[in-house]
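Novice: Take a look at this one; I'll ask things after.
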Amino acid sequence: MSYIKAADILPEQLIREIQQYVDGAYIYIPRKPGSRCTWGQKTSYKAELRERNEQIRRKYAEGLTVDDLCR
């Protein structure tokens with residue numbers, strides 16, 4: 001995750017208000033409810049894991065042992 005400089009996007013008055021609570025510290029502002037991405041939505045990793053797991057199941061069904069699969 002990258003950060004965005006507050007001065008580039010927030011009004012100066014709002015920055016001064018925030019500085020009353022946190023002065024010079026990094027803060028995390030969560031996404032609005034309903035706009036969060038599900039796990040793996042932005043990358044192909046979820047699909048890659050699903051394919052890998054399917055290959056493991058298929059090879060196990062074909063008779064490979066757990067030790068063989070680990071190797």
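Read-outs throughout are calculated quantities, based only on the coordinates presented, and are distinct from any laboratory measurement. Only a predicted model underlies this, so the values are computations on that prediction, with no experimental measurement involved. Neighbour counts run over all protein chains shown; Cβ positions are idealised from the backbone, glycine included.
Novice: Report the calculated FRET efficiency for W39 and K59 (r = Cβ-Cβ distance, R0 = 30 Å), to the nearest 0.05. Working shown, then result.
Specialist: Numbers: r = 26 Å, r/R0 = 0.86.
The formula returns an efficiency of 0.70 here.
Novice: Here is a follow-up. Using the Kirkwood formula over every pair of different C-alpha atoms, what hydrodynamic radius in Å results for the chain?
Specialist: 17.0
Novice: Expressed in nm to one decimal, what extension gain is obtained for the pair K46 and D23 from 0.36 nm per residue of sequence separation less their Cα-Cα distance? Write down the numbers at each step before the final one.
Specialist: Details: separation 23, 0.36 × 23 = 8.28 nm, distance 3.86 nm.
Gain on extension, K46 to D23, equals 4.4 nm.
Novice: Run the dipole for the chain about the Cα centre, Lys and Arg Cβ at +1, Asp and Glu Cβ at -1, nothing else charged, and hand back the magnitude in debye, nearest 20.
Specialist: 280
Novice: Taking Cα atoms, how many degrees apart are the long axis of helix 45-61 and the longest axis of the chain, rounded to 10 and kept between 0 and 90?
Specialist: It is inclined by approximately 20 degrees.
Novice: Now a separate question. Would you mind pulling out the separation of the Cα centroids of the range 1-26 and the range 49-71, in Å?
Specialist: 50
Novice: How many nm separate the modelled label positions at L69 and L10, each set 7 Å beyond the Cα in the direction of the Cβ?
Specialist: 5.0
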